[in-house]
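Trainee: Starting off with a structure, shown below.
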Amino acid sequence: MKEQLQVLKAEALAEIGNANESKVLNEIRVKYLGKKGSLTAILRGMGSLSAEERPVIGELANKVRQEIEIAIDERLITVEAAEQAAILAKERIDIFLPGRQRKKGFPHPLQLVIEEIEEIFLGLGFTIAEGPEVETDYHSFEALNLPKNHPARDMQDSLYITQDIVLRPHTSPVQIRTMEKLNPQPIRIIAPGRVYRRDALDATHSPIFHQIEGLVVDEGITFGDLKGILTIFAKRLFGEDRQVRFRPSYFPFTEPSAEVDVSCGCNGKGCRICKGSGWLEILGAGSVNPVVLQMSKYDPDKVSGFAFGMGVERIAMLKYEINDIRVFLENDQRFLAQF
């Protein structure tokens with residue numbers, strides 16, 4: 001049995017000396033010192049030894065175990081250090097290499113238009129208000145003088161989630177929520193946001209688009225104030241040389257109401273953009289209907305106001321001479337690179 005232990009030690013030390021991976025060293029530890037290892041197998045035969053031989057063999061077996069464990073631990077330190085050095089060498093970063101430049105994206109034309117419109121109205125003393133895109137029927141219609149079964153509801157083919165919940169068809173609910181929140185304080189806001197309609201996607205229609213609406217409520221507000229604000233806005237957006245005109249129209253939430261046009265860049269000669277008319281329709285507006293003020297608990301005998309609303313896609317199409325609304329949704333980099 002002494003010879004077996006000596007042979008086992010020699011074999012183990014030889015394998016340990018040749019091992020170059022920590023995984024292999026752990027396998028050697030299990031092979032020789034594990035519960036089912038070679039040393040354990042030899043020690044199971046100690047029952048056949050005499051009483052005098054057992055202490056001697058036991059001492060020798062413990063010594064062999066210790067020598068193998070020490071050899072494995074010492075070799076493991078060297079091997080793990082080599083492995084760590086190899087990993088560090090492989091992952092080494094050359095800090096003197098030139099950096100990789102990331103490709104720059106392009107601003108979306110709709111975002112450019114929204115930011116430009118916001119900047120104009122912020123300069124005129126307006127603030128920006130926001131509201132939920134999933135709205136109540138009350139805030140979307142009833143509070144805007146559009147009770148249930150009102151024929152004007154047909155003007156906006158809406159997307160209902162339930163009988164009383166709708167994907168907002170316009171950003172006007174933001175105006176109502178602002179009046180409810182700030183009553184009786186004066187209001188001067190614009191409300192940009194995404195809106196939804198039950199429209200088929202084609203060159204001029206989309207079920208998802210953007211609007212910017214504005215609202216002013218205070219004492220002594222007149223239709224003349226509305227004309228002045230929108231004239232300044234149109235000239236700053238399209239150019240100081242443009243003319244602005246107001247045409248009578250109808251909206252349930254404003255009275256009187258008007259459509260606002262700006263002169264085309266063709267100077268009245270007629271082109272495909274203005275369809276030969278010399279004018280471009282850009283928004284609808286009007287004095288806030290007293291019924292709408294009353295619904296939000298404002299006293300129409302004390303305050304008045306005006307409101308306006310525009311489609312961002314339409315403004316962008318007119319401003320950049322784009323003839324298909326679908327290009328705003330496709331994110332084609334060849335298109336976006338132009339901006």
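The values are calculated or read from the model by the stated rules, or taken from the named source; none is laboratory data. Because the structure is a prediction, the values reported are computed rather than measured. Positions of Cβ are backbone-derived with ideal geometry, glycine not excepted, and every protein chain shown enters the neighbour counts.
Trainee: Restricting the search to the range 262-304, which residues are of a type outside the set (Lys, Arg) and within 14 Å of ALA143 (Cβ to Cβ)?
Mentor: Passing the criteria: VAL288, ASN289, PRO290, VAL291, VAL292, LEU293, GLN294, MET295, SER296, TYR298.
Trainee: Could you please find all residues in the range 273-286 being surrounded by fewer than 21 Cβ atoms within 10 Å (Cβ to Cβ) and either within 27 Å of the chain's Cα centre (by Cα) or on the phi < 0 side of the Ramachandran plot (or both)?
Mentor: Those that are surrounded by fewer than 21 Cβ atoms within 10 Å (Cβ to Cβ) and either within 27 Å of the chain's Cα centre (by Cα) or on the phi < 0 side of the Ramachandran plot (or both): ILE273, CYS274, SER277, TRP279, GLU281, GLY284.
Trainee: With the requirement that a residue be modelled with pLDDT under 85 and either of a type in the set (Val, Ile, Thr) or not in a loop (DSSP other than H, G, I, E, B) (or both), what does the range 91-125 give you?
Mentor: Answer for the range 91-125, where residues must be modelled with pLDDT under 85 and either of a type in the set (Val, Ile, Thr) or not in a loop (DSSP other than H, G, I, E, B) (or both): ILE93, ILE95.
Trainee: Would you point out the residue of the range 177-187, among those that are surrounded by 17 or more Cβ atoms within 10 Å (Cβ to Cβ) and of a type outside the set (Lys, Arg), that is farthest from TYR138 (Cα to Cα)?
Mentor: Checking each candidate, the answer is ILE187.
Trainee: Could you count how many residues in the range 126-139 are surrounded by fewer than 21 Cβ atoms within 10 Å (Cβ to Cβ) and assigned to a loop (DSSP other than H, G, I, E, B)?
Mentor: Final tally of qualifying residues: 5.
Trainee: Name the residue, out of VAL174, VAL166, that is without any contact (Cβ under 8 Å) to a residue 60 or more places away in the chain, surrounded by 15 or more Cβ atoms within 10 Å (Cβ to Cβ) and closer than 23 Å to ILE229 by Cα.
Mentor: VAL174
Trainee: Also, I was wondering about something else. Which of the residues spanning the range 75-106 are surrounded by 11 or more Cβ atoms within 10 Å (Cβ to Cβ) and either of a type in the set (D, E, K, R) or farther than 13 Å from GLU21 by Cα (or both)?
Mentor: Selection gives ARG75, GLU80, GLU83, PHE106.
Trainee: Considering each of ARG198, ARG194 in turn, give the residue that is at pLDDT below 90 and under 25 Å from the mean Cα position of the chain (by Cα).
Mentor: ARG198
Trainee: Also, quick follow-up: May I ask you to list pairs of residues, at least six apart or on different chains, whose Cβ atoms are under 6 Å apart, with the first in the range 96-123 being free of Cβ contacts under 8 Å to residues at least 60 places away in the same chain and the second being outside any helix (DSSP H, G or I) and among the polar types (S, T, N, Q)?
Mentor: Going by the 6 Å Cβ cut-off, there are no qualifying pairs.
Trainee: Would you pick out the residues in the range 4-36 that are closer than 14 Å to GLU74 by Cα and part of a loop (DSSP other than H, G, I, E, B)?
Mentor: Within the range 4-36, ALA19, ASN20, GLU21 qualify.
Trainee: Only residues that are within 24 Å of GLU11 (Cα to Cα) and free of Cβ contacts under 8 Å to residues at least 40 places away in the same chain: list them for the range 72-86, please.
Mentor: Passing the criteria: ASP73, GLU74, ILE77, THR78.
Trainee: Continuing with the same structure: Examine the range 140-157 for a residue that is within 25 Å of LYS31 (Cα to Cα) and assigned to a loop (DSSP other than H, G, I, E, B), and state whether such a residue exists.
Mentor: No; the residues of the range 140-157 include none that is within 25 Å of LYS31 (Cα to Cα) and assigned to a loop (DSSP other than H, G, I, E, B).
Trainee: For ASN323, indicate whether it is at positive phi and in a loop (DSSP other than H, G, I, E, B).
Mentor: no
Trainee: Does the range 39-60 contain any residue that is at pLDDT 75 or above and charged (D, E, K, R)?
Mentor: yes
Trainee: Among the residues of the range 156-172, is any small (Gly, Ala, Ser), in the same structural domain as SER287 (by TED's automatic domain parsing) and at pLDDT below 90?
Mentor: So far as the range 156-172 goes, yes, one or more of its residues are small (Gly, Ala, Ser), in the same structural domain as SER287 (by TED's automatic domain parsing) and at pLDDT below 90.
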